[in-house]
1. I need the phi-derived Karplus couplings for region 64-79: 6.51 cos²θ - 1.76 cosθ + 1.60, θ = phi - 60°, integer Hz, Gly and Pro marked x.
2. So which trypsin sites (Lys or Arg not before Pro) in region 131-198 end up in coil per DSSP with only 15 or fewer other C-beta atoms within 10 Å?
3. Using θ = phi - 60° and the Karplus form 6.51 cos²θ - 1.76 cosθ + 1.60, what ³J(HN,Hα) does each residue of region 148-162 get, whole Hz, x for Gly and Pro?
4. Give, rounded to the nearest 20 debye, the magnitude of the charge dipole that region 22-84 has about its Cα centre when Lys and Arg contribute +1 at Cβ and Asp and Glu contribute -1 at Cβ.
5. Roughly how many nanometres apart are two label points built 7 Å out from the Cα toward the Cβ at D162 and I192?
6. Chymotrypsin sites (Phe, Trp or Tyr not before Pro), restricted to region 68-156: which are DSSP loop and have at most 12 other Cβ atoms within 10 Å?
7. Would you grab the residues whose amide H sits under 5 Å from the one on K194? Only those 5+ places off in sequence or on another chain, please, with H modelled 1.01 Å from N.
8. Evaluate the distance, in nm, between pseudo-label points positioned 7 Å from the Cα of N184 and of K45 along their respective Cα→Cβ axes.
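None of the figures in this text is laboratory data; all of them are computed from the coordinates on show. These numbers come from a predicted model, not from an experiment. Please note: Cβ atoms are built from the backbone with ideal geometry, for glycine as well, and neighbour counts cover all protein chains shown.
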Amino acid sequence: MKKVLLIIALMASLTVASAQEVSARAKAMRMMNFANPEYMVKDIKIFIDTMTVYSLADYVIYPIGKWENVEQYITNTQLQWYREVGYKRYFDSMMVSVNTLRRLDDSYIDMYRSIATGRVEMIAGKITDPEVVLDNGIHVGMSKDEVFRVLFKRFPKSYVSDINVLKVISGAGEVGQIYTFRGNKLRHIGIISKYKYY
């Protein structure tokens, strides 16, 4: 009798889990219909409290804009940056010349000038300073709805109410931003990259 009850409980939990998975996929497909065309969204995945948006837009690859050198970006922001220049090892055995820009709150952006593109490329970053604004207008302190309105024309609020992490990733999965929410506010922006540099 105990075995029969255990099997029934197991089957019920599997059925509920698959129903939730379908529900998350249905939400993702519906959200794709609401995406702003300039983001060229190719796929959306929702898993528990994380939404991952795969986009072909330049905003993803160049979150701080397209610059030929670091000095142009520093001048344009008109913010007080503390600059460190050095070499860092990434993914394979290559050493890359990296500029790290820091703010007093420990926000930082690691970047390098690519030989291939002639532009400043992102390596990594952590932004908690509300004065640092990305090229698409997103900054720490915005409400969750304001951040989602940058990517989507409209959306059901119930679809994003339980989302605490929004990942916007390039189509090839090489670069992206991670927006972390606490409550209804954007608290942290992470910049990630998996480029093989040079």
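1. Coupling constants for region 64-79: 9, x, 9, 10, 7, 8, 5, 4, 4, 5, 4, 5, 5, 6, 6, 10 Hz.
2. K153, R154, K194, K196
3. 5, 5, 5, 8, 10, 5, 7, 6, x, 4, 5, 6, 10, 4, 9
4. Its charge dipole is roughly 440 debye.
5. The two pseudo-label positions are separated by 2.2 nm.
6. Hits after loop and neighbour filter: F91.
7. Excluding prolines and chain starts, which carry no amide H, the hits are V175.
8. For N184 paired with K45, the spin-label model returns 3.1 nm.
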